1. Of the residues in the range B:183-203, how many are within 26 Å of A:Glu36 (Cβ to Cβ) and in a helix (DSSP H, G or I)?
2. Could you list, in sequence order, all residues of the range B:220-244 that are more than 14 Å from chain A (Cβ to nearest Cβ) and surrounded by fewer than 24 Cβ atoms within 10 Å (Cβ to Cβ)?
3. Which ones in the range A:12-34 are at the interface with chain B (Cβ under 9 Å from one of its Cβ atoms), without any contact (Cβ under 8 Å) to a residue 40 or more places away in the chain and either surrounded by 19 or more Cβ atoms within 10 Å (Cβ to Cβ) or of a type in the set (S, T, N, Q) (or both)?
4. Which residues, taken from the range B:287-310, are surrounded by fewer than 24 Cβ atoms within 10 Å (Cβ to Cβ), among the hydrophobic types (A, V, I, L, M, F, W, C) and not in a loop (DSSP other than H, G, I, E, B)?
5. Scan the range A:82-97 for residues that are more than 7 Å from chain B (Cβ to nearest Cβ) and not in a helix (DSSP H, G or I) and jot them down.
6. Give B:Leu131, B:Leu126, B:Leu119 a once-over and let me know the one that is crowded, with 24+ Cβ neighbours inside 10 Å, within 30 Å of B:Leu478 (Cβ to Cβ) and facing chain A (nearest Cβ under 8 Å).
7. Mind checking whether some residue in the range A:70-81 is crowded, with 16+ Cβ neighbours inside 10 Å, over 15 Å from B:Tyr173 (Cα atoms), among the acidic types (Asp, Glu) and within 9 Å of chain B (Cβ to nearest Cβ)?
8. Criterion first (charged (D, E, K, R), part of a helix (DSSP H, G or I) and either more than 20 Å from B:Ile340 (Cα to Cα) or without any contact (Cβ under 8 Å) to a residue 40 or more places away in the chain (or both)) does B:Lys152 satisfy it?
Amino acid sequence: MVPLSWYIFLSAALFSIGLYGVLARKNAIAILLGVELMLNAANINLVSFWRYGNNALMGGQVFAIIVFAVAAAEVAVGLALILSIYRSRNTIVADELDLMKW
Amino acid sequence: MSVNFLAILPEALMLLLGILILILDPLWKDEKRRLNLGWLTAGGLAAILVASILIGRPGAQSVLAWGGMVRFDMLAYAFKLFFIFAAAITALFMMDVDGISRRAESYVLLLAATIGMSLMASASDLVMLYLAIETTSIPLYVLAGFLLDDKKSTEAGFKYLLFGAMTSAILLYGLSLVYGFGGMTGFDDLAKQFASATPFSMGVLVLLIVGLGFKLSLAPFHFWAPDTYEGAPTPVAGFLSTASKAAGFAVLARLFITTFGSSAEQWQMILAILAVVTMTLGNLVALAQKNIKRLLAYSSISHAGYALMGVIAASTLGITSSVFYMLAYILTNLAAFGIIVAVGKTLGSDDIRAYDGLSRRSPYLALAMLIAFLSLSGMPPFGGFVAKFLVFFAAIQAGWTWLVVVGIINSIIGVYYYLTVMKYVYLYRTEGEDEAAHPILTTRPYLIAISVLTIGVVLVGTFFAPWFGLSTDAAASLFAGLMPK
């Protein structure tokens, strides 16, 4: 069996890539994609900890399923907001949305 | 661990109220909608508040309910009352804002966010905690960006969403590591696993503090706050800066005191540094603000720093003072944002100079503003003074004297910019205009809300025994549930 640490490293790498994407990308959609990677990294953690831990308690599985649902809701709201921004401003580049500063 | 309907009474009633609003909304004609929706929401929330006070009070023993998902204790009870009150007042203010006042969705989203906050205050399981935080955040993203025709509002919602989504993902990663280490999801079970401070617990704490720091708008996770407050509809900004922040404090207190009680020294130090940065940055940047909503945004950032001192003290008195601080702060800041709603609507500007001669336009409104701002700056006999005094006292008692010194210096900076605004209100005049002939227009729901808040600010500052008692019970219930070391 693959040791647990492999999964943890995978999820840490995924999380870091996602975080980098959120911080470095300018396009709003790409930022949301980065957030999705971070959420999925947490999901990998949850499911692998559950599998290698006490299987009788379903906490990890339930947690992961709830994260799916929440992530879907968050993306739905995010895309709706991005659409409304695009309609009024014709851009979704985060740097150009600077009506308010300081 | 049983079915306990009292534990989720406010949430269940709010859900019913939301469904009722959605059912009734299509039946009303458009011109009646504004009044009906607003009164129904505010009245319903007031009824829920009364019902919770009359029958929803938990006993002295704190109990776990619903399979360990929520804890039914005084801490959750006190915060739930605050949230329901803040939501009722916000509903009254929302009736004065075009674009959200006629839409049933805005009131239902407000209720959904309040349900989420109530669950945040009582959550005692990682799964429930995450779900509650998202139930709070997602409706608030929509509310902040609700005015589709207003470029600033959509931008506010967008920035709030991006920051919120990122920090909640970081929080979730932290929670997943907590779960992995502890193998369980209940706060109390986890407390046994985190019985000693390790480098690992330090790392997890940093992730959790990033996630919660966003909710509390602690520096350096505060960047969303000024932009979102400026762009969002003003009542929503008021709700964000008060109830949403208080919910974050409820989670911080419960999670860190129960689960991470043993590694207190680690998080106390991190939070103390964040509190110093938050207070100082909030107050210094507020000095330079020309827009009243941004000024209040930075002021609310600095207030998060003061209130954090109570949690850092990590004693019964410390948590008491934080709960009390949140109560006083909710009353005061809602009043301040409420005044901006009316002035912004009549004068069409949120610039500080738009407040020139407000005392001549509407003397009573100016008086309410004076009370709110003096309370924010921590002057007796208003609520803000007692709250600040308690927080500083608790921190000194716990040995954080240097933190209190920084806090007091910051309070003095705060007095300067609060009083600068009052200078425009009372001493300046609008050139060549008869201000008395142009009063600020107010409506009845607005007057009720402002009167309740102003009386509340004075009451909390003078007859503080009942509020202090409530806060003490809340703090005591948190510590009573702890494992004996």
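1. Filtering the range B:183-203 down to residues within 26 Å of A:Glu36 (Cβ to Cβ) leaves B:185, B:203.
Restricting the remaining residues to those that are in a helix (DSSP H, G or I) gives B:203.
Adding up the residues that qualify gives 1.
2. The one that is more than 14 Å from chain A (Cβ to nearest Cβ) and surrounded by fewer than 24 Cβ atoms within 10 Å (Cβ to Cβ): B:Ser244.
3. A:Phe15, A:Gly18, A:Leu19, A:Val22, A:Gly34 - these are the residues of the range A:12-34 that are at the interface with chain B (Cβ under 9 Å from one of its Cβ atoms), without any contact (Cβ under 8 Å) to a residue 40 or more places away in the chain and either surrounded by 19 or more Cβ atoms within 10 Å (Cβ to Cβ) or of a type in the set (S, T, N, Q) (or both).
4. Selection gives B:Leu287 alone.
5. Hits for the range A:82-97 are A:Asn90, A:Thr91, A:Ile92, A:Val93.
6. Details: B:Leu131 fails: crowded, with 24+ Cβ neighbours inside 10 Å; B:Leu119 fails: facing chain A (nearest Cβ under 8 Å).
Residue meeting the stated conditions: B:Leu126.
7. yes
8. When the stated conditions are applied, B:Lys152 does not pass them.
FYI, it's all coordinate maths here, none of it is from the lab. It should be emphasised that the depicted structure is a prediction, and the values quoted were computed from it without experimental measurement. Counting neighbours? That spans all protein chains shown, and the Cβs are built from the backbone with ideal geometry, glycine included.
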